[in-house]
Amino acid sequence: MKTLMRTICLAVLVIPFMLNDANAQSRRKIRKLEWGSKYNYEINCLGVGNDGTKIFKVWAFDKKVDVAVRKAKSHAISACIFRGIPAGGGADRTPAIITSASAEEKNAEYFDKFFAPGGRYLGYVNLSSDGYPKGKDKIKMKKGYKVGIIVSIDFDRLRKDLEKDGVARGLSSGF
């Protein structure tokens with residue numbers, strides 16, 4: 001009888017942690033599909049704007065054009081944080097704000113909230129050509145559309161806020 005009670009108590013204590021871990025893994029998979037996949041978007045740098053802004057064209061893919069436009073904005077911010085921006089338009093390559101491969105996983109909850117629909121990431125998109133894309137900015141593909149929009153990102157403010165939140169290391173923190 002004591003063994004049965006111990007087993008039940010142990011199950012009551014362990015199962016919630018197992019379910020929470022499964023939910024976290026599910027959220028990460030959804031997040032990677034929604035914003036974090038490092039390979040389902042393209043970036044073309046157009047130049048550097050005033051006051052620490054970066055201007056570039058970002059291409060996103062989806063079955064629906066309006067969803068692809070929303071994804072493009074989050075991919076633009078994701079590129080600044082995790083991937084960096086390639087050289088082009090008279091500008092040098094801009095490295096990613098977060099260079100640690102494990103930082104995304106360590107701060108998963110932070111980035112889940114940050115990149116949620118209508119999340120904080122939109123505050124760093126200063127300007128975008130997110131009207132309904134036409135012509136060469138909307139390409140019909142086998143499984144949907146490839147949509148390109150031009151965005152201006154407040155890169156310096158994004159970096160400062162991530163440093164303030166403890167997610168990114170400061171430039172003055174040394175090597």
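The values are calculated or read from the model by the stated rules, or taken from the named source; none is laboratory data. What you are looking at is a predicted structure, and each value in this text was computed from that prediction instead of being measured. Don't worry about glycine lacking a Cβ; one is built from the backbone with ideal geometry, like all the others, and counts go over all protein chains shown.
Just give me the residues in the range 56-73 being within 15 Å of the chain's Cα centre (by Cα) and either among the charged types (D, E, K, R) or under 15 Å from Ser152 (Cβ atoms) (or both), in sequence order.
Across the range 56-73, the qualifying residues are Val58, Arg70, Lys71, Ala72, Lys73.
In the range 99-132, which residues are in a helix (DSSP H, G or I), more than 24 Å from Arg70 (Cβ to Cβ) and free of Cβ contacts under 8 Å to residues at least 40 places away in the same chain?
Answer for the range 99-132, where residues must be in a helix (DSSP H, G or I), more than 24 Å from Arg70 (Cβ to Cβ) and free of Cβ contacts under 8 Å to residues at least 40 places away in the same chain: just Lys106.
Which of the residues that make up the range 119-135 are surrounded by fewer than 17 Cβ atoms within 10 Å (Cβ to Cβ) and at pLDDT 85 or above?
Gly119, Arg120, Leu122, Gly123
Check whether at least one residue in the range 153-174 is more than 23 Å from Leu46 (Cβ to Cβ), in contact (Cβ under 8 Å) with a residue 40 or more places away in the chain and in contact with a Leu (Cβ under 6 Å, 6 or more places away or on another chain), and report yes or no.
Taking every residue of the range 153-174 in turn, at least one turns out to be more than 23 Å from Leu46 (Cβ to Cβ), in contact (Cβ under 8 Å) with a residue 40 or more places away in the chain and in contact with a Leu (Cβ under 6 Å, 6 or more places away or on another chain).
Limited to the range 88-98, what total is found for residues that are in a loop (DSSP other than H, G, I, E, B), surrounded by 11 or more Cβ atoms within 10 Å (Cβ to Cβ) and either of a type in the set (D, E, K, R) or in contact (Cβ under 8 Å) with a residue 40 or more places away in the chain (or both)?
Selection size over the range 88-98: 4.
Identify, by number, the condition in (1) assigned to a helix (DSSP H, G or I); (2) over 19 Å from Phe155 (Cβ atoms); (3) modelled with pLDDT of 85 or more; (4) not small (Gly, Ala, Ser) that Ile77 doesn't meet.
(2)
Select from the range 108-142 the residues that are under 22 Å from Ile98 (Cβ atoms) and among the β-branched types (Val, Ile, Thr) and list them in ascending order.
The answer is Val125, and nothing else.
Within the range 146-157, is there a residue that is among the basic types (Lys, Arg), over 17 Å from the mean Cα position of the chain (by Cα) and buried (at least 16 other Cβ atoms within 10 Å of the Cβ)?
Yes, the conditions are met somewhere in the range 146-157.
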